[in-house]
1. Write out, first by first residue and then by second, each pair whose Cβ atoms fall under 9 Å of each other, whose residues are 6+ apart or on separate chains, and whose first residue, in segment 14-42, is over 22 Å from W127 (Cα atoms) and free of Cβ contacts under 8 Å to residues at least 60 places away in the same chain while the second is among the aliphatic types (A, V, I, L, M) and in a helix (DSSP H, G or I).
2. Considering only segment 240-248, I want to know if a residue exists there that is within 36 Å of the chain's Cα centre (by Cα), under 23 Å from Q373 (Cα atoms) and surrounded by 15 or more Cβ atoms within 10 Å (Cβ to Cβ).
3. Take the conditions over 22 Å from T5 (Cβ atoms), out of contact with any Leu (no Cβ under 7 Å at 6 or more places or on another chain) and surrounded by 12 or more Cβ atoms within 10 Å (Cβ to Cβ) and apply them to R120. Does it pass?
4. Just name the residue that is nearest to L162 (Cα to Cα) out of those in segment 184-213 that are in the same structural domain as R120 (by TED's automatic domain parsing) and surrounded by fewer than 11 Cβ atoms within 10 Å (Cβ to Cβ).
5. Consider I181 against the criteria (1) in contact with a Lys or Arg (Cβ under 7 Å, 6 or more places away or on another chain); (2) modelled with pLDDT of 95 or more; (3) β-branched (V, I, T); (4) assigned by TED's automatic domain parsing to the domain that holds G126: it satisfies all of them except one. Which criterion is unmet?
6. What number of residues within segment 177-207 satisfy the criterion of being touching a residue at least 24 places away in the same chain (Cβ under 8 Å) and assigned to a helix (DSSP H, G or I)?
7. On the basis of being touching a residue at least 40 places away in the same chain (Cβ under 8 Å) and not aliphatic (A, V, I, L, M), does F210 make the cut?
8. If you go through segment 275-301, how many residues are aromatic (F, W, Y) and modelled with pLDDT under 95?
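The values are calculated or read from the model by the stated rules, or taken from the named source; none is laboratory data. Every value quoted in this text rests on a predicted model; they were computed, and no experiment measured them. Here Cβ is always computed from backbone atoms with ideal geometry, including for glycine, and neighbour counts include all displayed protein chains.
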Amino acid sequence: MTAWTTPADVLQRLRRRWDSGDLLRRLGSGAEWEPIAFGLRAPGAGELAAHLAAAQRWAASWASVPGLRLERRRVGGRLVGVNELPAKVWVDGYDQAWTALGVAAQVEEFVRLLADTQRRAPRLAGWVLAHPLRLLELAPVWGALIDTVGWIDRHAGRPIYLRQVDVAGVDTKFIQRHQGILADLLDLQLAAERVDPAYPRSDFAARYRFRSRPAYLRLRSLDPDRPLAGGYTELTVCRDELVAHPPPHAEVYVVENEITYLAFPPVPDAIAVFGGGYAVSTVEPVCWLDQRQLRYWGDIDTHGFAILDRLRQHFPHARSMLMDRATLLAHESQWVREPKPVVTRLGHLHPDEADLYRDLVEDSLGGAVRLEQERISYAAVVAHLRDSRTGH
């Protein structure tokens with residue numbers, strides 16, 4: 001026999017409308033209810049005669065479904081007589097839909113949250129109507145989210161850290177945990193000039209003009225007769241302050257490896273800056289490096305040249321130090337294997353550097369050859385600095 005429509009089939013179709021959010025959106029926007037009808041696959045006259053008991057049980061199953069109105073039609077004939085069987089189901093109103101779905105409590109919560117949002121943060125009411133089921137998921141924290149958005153709207157005109165958001169029950173962890181939804185809401189709540197579209201929502205602090213954690217640079221004087229400000233030989237300073245207050249030294253060495261940075265030989269009128277691998281990007285805003293002799297010393301491997309290339313994008317005059325073929329070949333016994341070589345286009349290398357980079361990429365000198373800067377003879381470092389300053 002043909003599968004007859006069951007109450008569960010109809011409720012599943014009605015549930016899909018609920019799951020789409022359409023029913024709550026219509027309720028929240030004040031739209032009048034439009035009756036919903038579901039046609040039923042019901043027993044025909046032949047099936048009624050052949051499966052009378054099953055058809056009677058099927059018809060009886062519809063009598064106990066709350067919220068649905070049955071429309072019947074007459075079916076039968078000579079063998080079983082005329083019977084009235086369910087033919088169509090109607091949902092006649094919002095209350096009937098909530099009863100059928102068993103969601104009256106959720107609807108009551110949605111109405112309360114919508115009204116509260118319209119009263120406290122009317123700019124966010126559109127989001128509520130667009131995402132009613134998401135709102136219900138957020139119900140336990142919705143009040144705190146609204147409070148947070150309101151506080152930021154009132155206070156974000158001055159530079160502050162996220163840690164300074166002062167809302168009851170809200171801390172930095174709360175903001176980080178709900179960063180996505182807060183971004184949605186702040187984009188709606190804040191004036192356009194309070195949102196920096198150059199930053200994605202994932203960079204929450206920058207997008208909404210909070211103060212970001214400052215970048216720091218570590219530097220040491222290489223000239224015993226010319227210490228840093230305050231008489232210090234080494235300092236870690238806020239980058240923005242270093243940009244505004246440059247040291248007077250004429251030469252700057254950016255060094256990738258920490259122990260090499262610490263052991264760097266004395267050089268008159270020079271400082272060393274700890275680059276820390278790709279963290280060398282921290283020096284990119286230090287604009288006064290344009291007026292200094294700038295040298296970069298990194299490992300002789302594909303990543304070392306990639307970092308040099310990146311530095312030159314901002315400081316084209318930067319020169320490399322001990323990143324040449326002669327140094328590499330002179331230290332063959334110290335070669336190691338580069339774990340994950342980088343293969344990319346590096347458009348800011350000098351011709352000799354580009355040739356060596358290509359040989360490293362193509363394994364012309366061996367498989368994934370790498371010479372770490374701390375493996376270069378200290379005497380070779382001293383000699384290189386002496387020769388470079390005397391013009392040899």
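1. Short answer, once both residue conditions are applied: F38/V10; F38/L14; L40/V10; A42/A55; A42/A59.
2. no
3. Yes, satisfied.
4. S202
5. For I181, the exception is condition (1).
6. Initial filter on segment 177-207 (touching a residue at least 24 places away in the same chain (Cβ under 8 Å)): 178-179, 181-186, 188-190, 194, 204-205, 207.
When the remaining residues are screened for being assigned to a helix (DSSP H, G or I), the result is 179, 181-186, 188-189, 194, 204-205, 207.
Going through segment 177-207 one residue at a time, the tally reaches 13.
7. yes
8. Of the residues in that region, 1 qualify.
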